[in-house]
1. What are the residues in the range A:96-114 that are touching a helix residue (DSSP H, G or I) at 6+ places or on another chain (Cβ under 6 Å) and either closer than 20 Å to residue A:12 by Cβ or not assigned by TED's automatic domain parsing to the domain that holds residue A:145 (or both), if any?
2. I'd like to know if the range A:202-209 contains one or more residues that are farther than 30 Å from residue A:25 by Cβ, within 7 Å of another protein chain (Cβ to nearest Cβ), within 21 Å of the chain's Cα centre (by Cα) and surrounded by 23 or more Cβ atoms within 10 Å (Cβ to Cβ).
3. Which one of the conditions (1) farther than 30 Å from residue A:130 by Cα; (2) more than 7 Å from every other protein chain (Cβ to nearest Cβ); (3) part of a helix (DSSP H, G or I) does residue B:57 fail to meet, given that it meets all the rest?
4. (1) assigned to a helix (DSSP H, G or I); (2) in contact (Cβ under 8 Å) with a residue 12 or more places away in the chain: which one isn't true of residue A:63, the others all being true?
5. Return a yes/no flag: does the range A:174-183 have any residue that is in contact (Cβ under 8 Å) with a residue 40 or more places away in the chain and away from chain B (no Cβ under 12 Å).
6. Of all residues in the range B:82-96, count the ones that are at the interface with another protein chain (Cβ under 7 Å from one of its Cβ atoms) and either more than 14 Å from residue A:16 (Cβ to Cβ) or under 17 Å from the mean Cα position of the chain (by Cα) (or both).
7. Look at residue A:193 and say whether it is out of contact with any helix residue (DSSP H, G or I) (no Cβ under 6 Å at 6 or more places or on another chain) and either surrounded by fewer than 24 Cβ atoms within 10 Å (Cβ to Cβ) or assigned to a helix (DSSP H, G or I) (or both).
8. If residue A:218 meets every condition in (1) under 18 Å from the mean Cα position of the chain (by Cα); (2) more than 7 Å from chain B (Cβ to nearest Cβ) apart from one, which number is that one?
């Protein structure tokens, strides 16, 4: 059903040079500690990472929960900050689709789409034959997802020993890792321009609308980069 | 206590549904998109751009504890991390580990 050779090849990308394990670990340790501090118990914290597995969404959830936001408000805030997963899925799944593979694999494994696993898959997919890519992807996804869950547990249990400065140190790891991965991904004009314009326009739109800034900035920057790349 | 606990479960379910929705709709759309098509290229640009927008926002307007550190420190650390990443032939361990230690220390002073 799942080709274990490719699955474990993907799973082992946790040990590679550009491994996301460290960054994921640091940020989900911070999430585990944060969830404990706002009153979640261990099971609920595990359940949260198990089901959501997207860092910005969990942060927004925690912040909304503290201020007592309504469920509708939480839904909208999380949906907006995680809407980037839509273009990420659309720009990944066509690379993995193969007619010999059952559909459930795609609907199940799309749960693993998060920045870390996505960036790893995008930089490795060409090395894998197309019909085996979904199994390779499920390996990457399972590995990164388990790392996040285990780190949530560690963070929850260690939260009493983590002071504020250490939490701040943990929180910078993820943006640093993502920034470096993005710099590493700048191989064509279109991608480089998308990344540079996105990094400028995203925060600029924050002054107009904090909630919509990522989507507005991202769609505008990506479209500009696309047209410049196509018609230059 | 029971009511709070039920509330937490609901909050988790709503958050995960709001997150899975975009992934699920993405797979449905992917069925009709060829990897060689222009629309695929366009979505690829948008994906990288929204990621860059998100990361830049995490650094400049952070949520959570990161907002209690000085923005100048964060920007300096990001620039130093990119340089370190390029100098060390794309090693990701040095920039991530060092940036955490440096920011925690700087914030302590």
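1. Once the filter is applied, which keeps residues that are touching a helix residue (DSSP H, G or I) at 6+ places or on another chain (Cβ under 6 Å) and either closer than 20 Å to residue A:12 by Cβ or not assigned by TED's automatic domain parsing to the domain that holds residue A:145 (or both), the range A:96-114 yields A:96, A:105, A:109, A:112, A:113.
2. Taking every residue of the range A:202-209 in turn, none turns out to be farther than 30 Å from residue A:25 by Cβ, within 7 Å of another protein chain (Cβ to nearest Cβ), within 21 Å of the chain's Cα centre (by Cα) and surrounded by 23 or more Cβ atoms within 10 Å (Cβ to Cβ).
3. Single failed check for residue B:57: (2).
4. (2)
5. no
6. Final tally of qualifying residues: 5.
7. no
8. Failing condition for residue A:218: (2).
The values are calculated or read from the model by the stated rules, or taken from the named source; none is laboratory data. These numbers were taken from a predicted model, which means no experiment stands behind them. A quick note on method: Cβ atoms are made from the backbone with ideal geometry, for glycine too, and the neighbour counts reach across all protein chains shown.
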